[in-house]
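Single-structure report; data block below.
The values are calculated or read from the model by the stated rules, or taken from the named source; none is laboratory data. Note that the structure is predicted; figures quoted are calculated from it, not measured. Positions of Cβ are backbone-derived with ideal geometry, glycine not excepted, and every protein chain shown enters the neighbour counts.
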Amino acid sequence: MADFFPEESGIEHESSRLTMGVMRNGALAEELHLDALLLLRRSAPQRTLTGHRHFEFEIAEWEVQGRSEVLDEIISMTLATAPQPRSVCLAAQPDSDFPAIIIYNAIFDVYLNDQLVLANQTGLGIGTGISEIPPRRVDVAFQKAFDFGELSFRAGACSDMASLSESDFRVRASEMGSIRG
């Protein structure tokens, strides 16, 4: 574990597990588990006017996929073609990079099997107590809530984050994207 943010800009290939509640009529209908892939481009750290170090990053690719038992279909999410907002990681204090707060921003589309059902949904993920980059030992709470028919897909968490090689990322992203045609 490092004491500081990576000093150089870089690219990260990651995998994780997303868990979100699926509600029907106010009751939990399913705890949905999805596999996720994330490719991000990280800038070099800078110092804010208040003295805290931070770095911005762009989510360049995002693939999420899993089977919903309630819908009996594959649900997937991917980045929308809309311009993506910047994301940020900020040291919680001015004298040390860790612990830090990381905020992921994304605009995404939702598919059932190969059919686009929701476009340009906004998502926000926040992790606190970050002690390394890429973050590993914390869950990231996210707001990627959306409604579909009588179902409400609620906020959840991202866990089990791990780094991937670029080639492993490409293979898995291609497999996930193939369901959409």
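Couple of notes before you dig in:
- Every residue from region 155-181 that is exposed (fewer than 15 other Cβ atoms within 10 Å of the Cβ) and either without any contact (Cβ under 8 Å) to a residue 40 or more places away in the chain or in contact with a helix residue (DSSP H, G or I) (Cβ under 8 Å, 6 or more places away or on another chain) (or both): Ser167, Val171, Ser174, Glu175, Ser178
- Residue tally, condition of a type outside the set (Gly, Ala, Ser), more than 24 Å from Gly123 (Cβ to Cβ) and in contact (Cβ under 8 Å) with a residue 12 or more places away in the chain, over region 46-59: 4
- For the residues Leu18, Leu34, the requirement of being within 18 Å of Gly125 (Cβ to Cβ), at pLDDT 95 or above, out of contact with any helix residue (DSSP H, G or I) (no Cβ under 9 Å at 6 or more places or on another chain) and surrounded by 17 or more Cβ atoms within 10 Å (Cβ to Cβ) singles out Leu34.
- Just one of the listed residues (Ala162, Ala91) is within 25 Å of Ala44 (Cα to Cα), among the small types (Gly, Ala, Ser) and out of contact with any Asp or Glu (no Cβ under 6 Å at 6 or more places or on another chain), and it is Ala162.
- Residue check, Ser152 touching a strand residue (DSSP E or B) at 6+ places or on another chain (Cβ under 6 Å), under 23 Å from Gly10 (Cβ atoms) and surrounded by 15 or more Cβ atoms within 10 Å (Cβ to Cβ): no
- Top-ranked residue in region 1-15 [being exposed (fewer than 12 other Cβ atoms within 10 Å of the Cβ) and of a type in the set (Asp, Glu); ranked as nearest to Glu132 (Cα to Cα)]: Asp3
Table: residues versus (1) within 22 Å of Gly156 (Cβ to Cβ); (2) of a type outside the set (D, E, K, R); (3) surrounded by fewer than 14 Cβ atoms within 10 Å (Cβ to Cβ).
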residue: Gly26; (1), (2), (3): yes, yes, yes
residue: Asp72; (1), (2), (3): yes, no, yes
residue: Thr78; (1), (2), (3): yes, yes, no
residue: Val88; (1), (2), (3): yes, yes, no
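- Test result for Ile102, among the hydrophobic types (A, V, I, L, M, F, W, C), loosely packed, with under 14 Cβ neighbours inside 10 Å, in a strand (DSSP E or B) and in contact (Cβ under 8 Å) with a residue 24 or more places away in the chain: no
- Among the residues of region 19-30, those identified as out of contact with any Gly (no Cβ under 6 Å at 6 or more places or on another chain), touching a residue at least 12 places away in the same chain (Cβ under 8 Å) and at negative phi are Gly21, Val22, Met23, Arg24, Ala29, Glu30.
- Single unsatisfied condition, Ala173 versus (1) aliphatic (A, V, I, L, M); (2) farther than 24 Å from Met23 by Cα; (3) assigned to a strand (DSSP E or B): (3)
- Odd one out for Asn120, checked against (1) surrounded by fewer than 14 Cβ atoms within 10 Å (Cβ to Cβ); (2) closer than 16 Å to Phe142 by Cα; (3) modelled with pLDDT of 95 or more: (2)
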